[in-house]
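Read through the structure below, which is laid out as structure tokens, and then see the notes.
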Amino acid sequence: MFFQILLHVYRWLFYENWRKSYSFIYPNHKWHDKYSCFLATYVYWLFKPLAFFLINKKILFSINNLPNAVGHIYPEVDYLLRVKKTQTTIKDKTIFYIYPKNPVLTGFVNAVGYTTEIKFIISGLLHILIWPLLMRFPELTISTAHGPDKYSLDDGKRFIKFVYPNHRSHEYTMRTRHKRYFALRAKTLDYFPLKIVSPLPIKLTQMIDSDKYFVIQIKTESINGTWQPCDPSTYHDAIKEVISLGYKVVFAGREKMPESFKKLGLINYSESKNATAANDFYLVLNSCGVIASSSGFSYIPDVLDIPLLTINNFEISVAYPGRKTIHVPSLLTKEGIPMKFKEQIAFHLKGQLTSEVVNDKSIFCEDASAEDVLFAFRELYIIIKTGEVSLSTKAQLFFRNYFPLDLTFYALSDISDHFIKKHEDRY
């Protein structure tokens, strides 16, 4: 941690882009796990009068967030706004979101954060000062976390011994935290607090030169729900069909655009100077639909009610609950034996994807084929063309009800009908 601090200070002092992107004071998880916890346990009892003052002022603070990750800030803030709308106990309270500056958070706040009921304060100094207070007095906090963090001291252990935060398991995160969000999304069907009316910035308008376009994104590394780098050729047939329907196609994300995509005529937003966190929002907001990998990027269209086809999520139990979202998962085989759907979900619930897991030679991952992607896109296009969102087939309803403990059961989204029928032997 000491080396990380020195590296951050060095970058901040000598690299202008780093200074523009990050706060000088930028505490990480290790800092909070050790020092913030120590201060909360042994020092911050002194601030009880301040805690009472903030409580009386009906102020809450959002905690346990990962504000530097697209796949967290969008669903976590969306979740927070839905909770505020539906829970009478906090409707009249002011909620603050205080974190250090980083490109994702800054872009989000500039694009849409200022339109919400949440009060965003981008400050590393205020964050590091207030965090132990929030750990010490959890009654000041509200958590809509999508990750495992739990920064709150146990009442029974305060001021008795040094207590580390009680972070949650991956299974708890998926089957409890995410499930609550999915269930609330289902109860607030027509409420999209982050969806605003805002045209494309002029530079994007000039780049795309059309208001009828699709956004494409891929992952080129193993991370989160993506087991292995995407094979761009599996997108080709779907892209050709999108173009044949009269859409332009924009390549988004931050990955380098594949040569084959250039030949198909995709617009290279990803590697342009226009690729910013704020422009990501505007690009998706004004698009007709998105085809994307299992990544944080997919959460942007999902929370904005933009038609989304998300591909190669090995977790099986869907990660994106939107009513206009279609999934095509990856499938795992262990020691030559195909995993059943429930076995693959149980495997995923053991923990986050690691290099050790990915490099396990006994496990083979089969990503979506070009046919899978094309047929799934056609299912998505029915939603786009008709405007109907309750299109679940018998196969999709059976799939959903087959997993009563998992996210699929609570989601408004669907696994591709073609995919389910093709792999019925996985039940």
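The values are calculated or read from the model by the stated rules, or taken from the named source; none is laboratory data. Source: prediction; values computed, not measured. Glycine also receives a Cβ, built like all others from the backbone with ideal geometry; neighbour counts cover every protein chain displayed.
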Requested in this report: State all residues of region 62-76 that are in a loop (DSSP other than H, G, I, E, B) and within 19 Å of Thr276 (Cα to Cα); if no residue qualifies, say none.
Outcome: Leu66, Pro67, Asn68, Ala69
Query raised in the report: Counting residues that are in contact with a Pro (Cβ under 9 Å, 6 or more places away or on another chain) and among the aliphatic types (A, V, I, L, M), which helices (runs of 4 or more DSSP H) fully inside region 111-230 reach at least 1?
Result: 124-136, 178-187
Query raised in the report: Has region 27-45 got any residue that is more than 24 Å from Leu133 (Cα to Cα), charged (D, E, K, R), assigned by TED's automatic domain parsing to the domain that holds Ile128 and within 30 Å of the chain's Cα centre (by Cα)?
Result: no
Requested in this report: May I ask you to verify whether Ala292 is under 19 Å from Phe403 (Cβ atoms) and either touching a Ser or Thr at 6+ places or on another chain (Cβ under 8 Å) or surrounded by 18 or more Cβ atoms within 10 Å (Cβ to Cβ) (or both)?
Outcome: no
Report summary line: Of the residues in region 12-71, those that are buried (at least 20 other Cβ atoms within 10 Å of the Cβ) and at positive phi number 1
**Report entry** Where a residue in region 1-17 is farther than 16 Å from His29 by Cβ and its partner, wherever it lies, is not basic (Lys, Arg), with Cβ under 7 Å and at least six apart
**Finding:** Arg11/Trp18; Trp12/Trp18; Trp12/Tyr22; Trp12/Phe24
Query raised in the report: Any residue at all in region 331-352 that is within 30 Å of Leu283 (Cα to Cα) and of a type in the set (A, V, I, L, M)?
Result: no
Report summary line: Screening Trp131, Trp227 for residues that are farther than 22 Å from Gly289 by Cβ, in the same structural domain as Leu380 (by TED's automatic domain parsing) and either touching a helix residue (DSSP H, G or I) at 6+ places or on another chain (Cβ under 7 Å) or crowded, with 16+ Cβ neighbours inside 10 Å (or both) leaves only Trp227
Query raised in the report: Applying the selection to region 356-400, what residues are basic (Lys, Arg) and within 24 Å of Ile345 (Cβ to Cβ)?
Result: Lys361, Lys394, Arg400
Query raised in the report: Out of Phe398, Phe419, which single residue is of a type in the set (Phe, Trp, Tyr) and crowded, with 18+ Cβ neighbours inside 10 Å?
Result: Phe419
Query raised in the report: Inside region 235-252, can you point out the residues that are closer than 19 Å to Ile326 by Cβ, in a loop (DSSP other than H, G, I, E, B) and not aromatic (Phe, Trp, Tyr)?
Result: Leu245, Ala252
Query raised in the report: Hey, does region 339-346 have a residue that's in a helix (DSSP H, G or I), buried (at least 16 other Cβ atoms within 10 Å of the Cβ), of a type in the set (D, E, K, R) and under 24 Å from the mean Cα position of the chain (by Cα)?
Result: yes
Query raised in the report: Among the residues of region 320-337, how many are surrounded by fewer than 19 Cβ atoms within 10 Å (Cβ to Cβ) and out of contact with any strand residue (DSSP E or B) (no Cβ under 7 Å at 6 or more places or on another chain)?
Result: 3
Query raised in the report: Which one of these does Lys84 not meet: (1) surrounded by 20 or more Cβ atoms within 10 Å (Cβ to Cβ); (2) in contact with a helix residue (DSSP H, G or I) (Cβ under 9 Å, 6 or more places away or on another chain); (3) not in a loop (DSSP other than H, G, I, E, B)?
Result: (2)
**Report entry** Inter-residue pairs, beta-carbon under 7 Å, first surrounded by 15 or more Cβ atoms within 10 Å (Cβ to Cβ) and in region 195-223, second among the basic types (Lys, Arg), 6+ apart
**Finding:** Ile208/Lys248; Tyr213/Lys248
Query raised in the report: Listed residues Pro201, Pro229; which is under 17 Å from Ala370 (Cα atoms) and more than 17 Å from the chain's Cα centre (by Cα)?
Result: Pro229
Report task. Please determine, by comparing only the residues of region 369-387 that are part of a helix (DSSP H, G or I) and small (Gly, Ala, Ser), which one is surrounded by the fewest Cβ atoms within 10 Å (Cβ to Cβ). Result -> Ala370
